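Here the structure comes first, spelled out in C-alpha cells, and everything after it is commentary.
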Amino acid sequence: MGREVTVTDVKQISARIVSEIHEFCEKNNLCYVLFFGTLLGAIRHNGYIPWDDDVDIAMPRKDYEIFIKTYKSEHSDVISCKYNKKYPLHWAKVFDKHTDLHENIAKQKYEIGVYIDVFPLDEIDSEKRYLKLRKKENIWCKGLSLAMVKPISKNPIKMVLRHLLRLPFLGHEHSLGLKIDNYMQGNYEFNYYCCNDMYNLTNNIYIFDKNICDYRILHKFEEYEFYIPKSYDKVLTSLYNDYMKLPPIEQQVCHHEYKAFFK
C-alpha cells in the first residue's frame, strides 16, 4: 500500500475521471451533465466547492444504462448494482483503478478507489407521482442505510435498538439497491426527470424539465470544461434556493468519511 491520498489528490483524480467520462460520452454520443454540488461548484466557483471534494454527474436513464454496461478507460472503471452483486447502491460510481478506498462508517464488501457518483435521471409525469415514489423509496433507502452504516453510540440502549432495527435488512443490501433502481425507472414519454438521491429523505421536489439534457453548454470546472444544463439556474434554484449565497462558516466542512491510498 502506497501513501495516503490527500484532499488535493482526490480533487485532481476526480476531475480527471470526469474528463475521461466526457471523452467516452463524446465518442459514444451519450449525454451527461454535472449535477448537485458539482454543478453548484462549477457555477459559483468555476470548480470544486472549496471545502468539498465530492463530484456528481447525472445521465438520462437510456444513456446511463448504456454507460454502466460499456464504459472503459485506462485509468478508471464503473461499478453498479446491476452488474456487481457486492455493490449495494442504486446509482453507479466511476472509480480510479490506481487507488484503494475504504469507508470508515459503512460496511463495504466491494473493492473501489477514489470515485465520483453517476446518477440516472428517470422520467416522470408530475410532482404528485414523484412524491408517491419518494415515500416508498425512502423506506427502502432508510433500510439500506441501516444495513450499510455501522451503529455508533455511547448509549448502550441506543446501540441495541439500532442493531435490532438493522436485522431485517442485513444481508439484503444488494437486493434493496437493485429494487430501488428498478422502482424509480419511469416512462420515456414523460416530460420531467427525477433523480434517485438516497440522501433526499425529505419531501423536497427534485424534478426537472427534460430539456436539462437536451440543451447543454460547456462550462469551466478547474482546468477542464464539462457539460452543464443550459437551464442551470432553474436546476440549482430547485436544489438549493439562493444558491449563490455561501453557507455559514460552520457548515463549510467536508462530509466524506473514508481513507484512500495509492496502490
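The values are calculated or read from the model by the stated rules, or taken from the named source; none is laboratory data. Source: prediction; values computed, not measured. Virtual Cβ from ideal backbone geometry, glycine too; neighbours counted across all protein chains shown. Just so you know, the surface numbers come from the protein's heavy atoms only, side chains and all, with ligands and any DNA or RNA stripped out. Shrake-Rupley method; radii C 1.70, N 1.55, O 1.52, S 1.80 Å.
For region 1-11, which residues satisfy the criterion of being assigned to a helix (DSSP H, G or I) and surrounded by 17 or more Cβ atoms within 10 Å (Cβ to Cβ)?
Asp9, Val10, Lys11 - these are the residues of region 1-11 that are assigned to a helix (DSSP H, G or I) and surrounded by 17 or more Cβ atoms within 10 Å (Cβ to Cβ).
Among the residues of region 196-205, is there at least one that is at pLDDT below 80, surrounded by 15 or more Cβ atoms within 10 Å (Cβ to Cβ), over 24 Å from Asn29 (Cβ atoms) and aliphatic (A, V, I, L, M)?
yes
When region 12-48 is examined, which residues are found to be open to solvent by less than 30 Å² (accessible area, probe 1.4 Å), closer than 22 Å to Pro120 by Cβ and not in a helix (DSSP H, G or I)?
Leu30, Cys31, Tyr32, Val33, Leu34, Phe35
Among the residues of region 90-111 satisfying the criterion of being at pLDDT 95 or above and within 16 Å of the chain's Cα centre (by Cα), which is surrounded by the fewest Cβ atoms within 10 Å (Cβ to Cβ)?
Within region 90-111, the match that is surrounded by the fewest Cβ atoms within 10 Å (Cβ to Cβ) is Lys93.
So which residues in region 71-89 are in contact with an Asp or Glu (Cβ under 6 Å, 6 or more places away or on another chain) and either part of a strand (DSSP E or B) or surrounded by fewer than 20 Cβ atoms within 10 Å (Cβ to Cβ) (or both)?
Across region 71-89, the qualifying residues are Ser73, Ser76.
In region 206-244, which residues are open to solvent by 50 Å² or more (accessible area, probe 1.4 Å), of a type outside the set (Phe, Trp, Tyr) and part of a loop (DSSP other than H, G, I, E, B)?
Glu222, Glu223, Lys230, Asn241, Asp242, Met244
Taking Lys135 as the residue in question, decide whether it is modelled with pLDDT under 95, part of a loop (DSSP other than H, G, I, E, B) and over 26 Å from Thr8 (Cα atoms).
no
Determine whether region 78-92 contains at least one residue that is among the aliphatic types (A, V, I, L, M), within 26 Å of Ile124 (Cα to Cα) and touching a residue at least 60 places away in the same chain (Cβ under 8 Å).
Yes, the conditions are met somewhere in region 78-92.
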